[in-house]
Amino acid sequence: GQRGGLHGPVTVGILVLCVFVFIDTFFMGNRRGLMQLLFISTDGSWREIQGGEYWRIVSPAIMHGGPIHILFNLLAWWNLALPIEYRKGSLKLLAMTLVIAAVSNIFQFMMAGPNFLGLSGVVFGLFGYLWMKGKLDPEDGLGVYPQTTQSVLIWFVICFMMPGLIANYAHAGGLMVGVAFGALSAAWNRAVLQR
């Protein structure tokens, strides 16, 4: 892997971006109107995205609602994204992050409207990927501890008992995409090995 200099430019970059947006919107009182630019929609329609503001499909992931929210999401992001970036490279992590963010945000928007934010859809996606890799393709050196799997799945269920407060559809969408990525990657590796 790329072990020279900065190990995880994408992991670090997204973390820094989240912190910057958080400081701007939470402490600066959103004076520059950044949040209006980052929500998936300002009026519950697809108007802005159809008008070419395509970043809105992924940008809700870099906004957070409070100190606890950002702290938990960024701790989880760091622990899940860094090993993927080490083993699979920065481009693959970036591509996965964008796809998971897009799917989880669109799913949340369609099921519950535009008022949501946070990196947790992506976090659940990366978890799903690592979970499947560990189960189906342990030779690849990626995975999660059984205790981690247990606590993440328990948290997933607890969140569903708090509808309205938490972007549960983003969690579900992210988890499904991540599990699919992990299973496909494992199947691909097996097919390659059998040749």
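The values are calculated or read from the model by the stated rules, or taken from the named source; none is laboratory data. Just so you know, these numbers come straight off a predicted model, no measurement behind them. For neighbour counting, all protein chains shown are included, and Cβ atoms are generated from backbone atoms with ideal geometry for every residue, glycine included. Each accessible area value is taken on the protein alone, full model and side chains, heavy atoms only, with ligands, DNA and RNA left out. Shrake-Rupley method; radii C 1.70, N 1.55, O 1.52, S 1.80 Å.
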Per 10 Å bin, what percent of the C-alpha pairs of region 45-195 does each bin hold, from zero upward? 11, 41, 33, 13, 2, 0
Per residue accessible area of the chain, 1.4 Å probe, in Å²: 53 Å²
In whole Hz and in residue order, list the ³J(HN,Hα) couplings for region 60-77 that follow from phi through the Karplus curve 6.51 cos²θ - 1.76 cosθ + 1.60, θ = phi - 60°; x for Gly and Pro. x, 5, 9, 9, 9, x, x, x, 5, 4, 5, 4, 5, 5, 6, 4, 5, 4
Need the full-extension length gain, Asp24 to Ala95, defined as separation in residues times 0.36 nm minus the C-alpha distance. One decimal, nm. 23.0 nm
Whenever you get a sec, compute what percent of the accessible area on region 60-168 sits on carbon and sulfur atoms (1.4 Å probe). 72 percent
What do you reckon, how do Trp78, Trp188 stack up by accessible area (1.4 Å probe), largest on top? Trp188, Trp78
Residue separation between Gln147 and Met110 times 0.36 nm, minus their alpha-carbon distance, gives in nm 10.1 nm
The chain, helix-only ellipticity at 222 nm - DSSP H runs n ≥ 4, -39,500 (n - 2.57), divided by all residues, nearest 500: -21500 deg cm²/dmol
Note the per residue figure in Å³ for the convex hull of the C-alpha positions in region 84-126. 57 Å³
Have a look at region 113-184 and give its Rg and Dmax from the Cα atoms, expressed in angstrom. 12.7, 41
If I model region 25-76 as equal point scatterers sitting on the Cα atoms and use the Debye formula, what is log10 I(q)/I(0) at q = 0.13 Å⁻¹? -0.37
R0 = 30 Å: FRET efficiency of Gln50 with Lys135, Cβ-based, nearest 0.05? 0.15
Could you state how much accessible area Arg47 has, in square angstrom rounded to the nearest 10, with a 1.4 Å probe and all protein chains kept in place? 130 Å²
So for each of 141-153, 106-118 I average, over its residues, the number of other beta carbons within 10 Å; can you give me the resulting order with the highest mean first? 106-118, 141-153
Any chance you could look up the accessible area of Leu165 with a 1.4 Å probe, heavy atoms only, rounded to 10 Å²? 140 Å²
Assuming 0.36 nm per residue, please report the length gained on full extension of the stretch Val16 to Ala191 beyond their Cα-Cα distance. 59.2 nm
Once phi is turned into θ = phi - 60°, what whole-Hz ³J(HN,Hα) does the Karplus curve with 6.51, -1.76 and 1.60 give for every residue of region 91-107, x standing for Gly and Pro? 4, 5, 5, 4, 4, 4, 4, 5, 5, 5, 4, 4, 5, 5, 5, 5, 4
Could you go through region 8-16 in sequence order and give the Karplus-derived ³J(HN,Hα) for each residue, using 6.51 cos²θ - 1.76 cosθ + 1.60 with θ = phi - 60°, rounded to whole Hz, and x for Gly and Pro? x, x, 6, 4, 5, x, 5, 4, 5
Could you order Lys133, Lys92 by accessible surface area, starting with the largest, using a probe radius of 1.4 Å? Lys92, Lys133
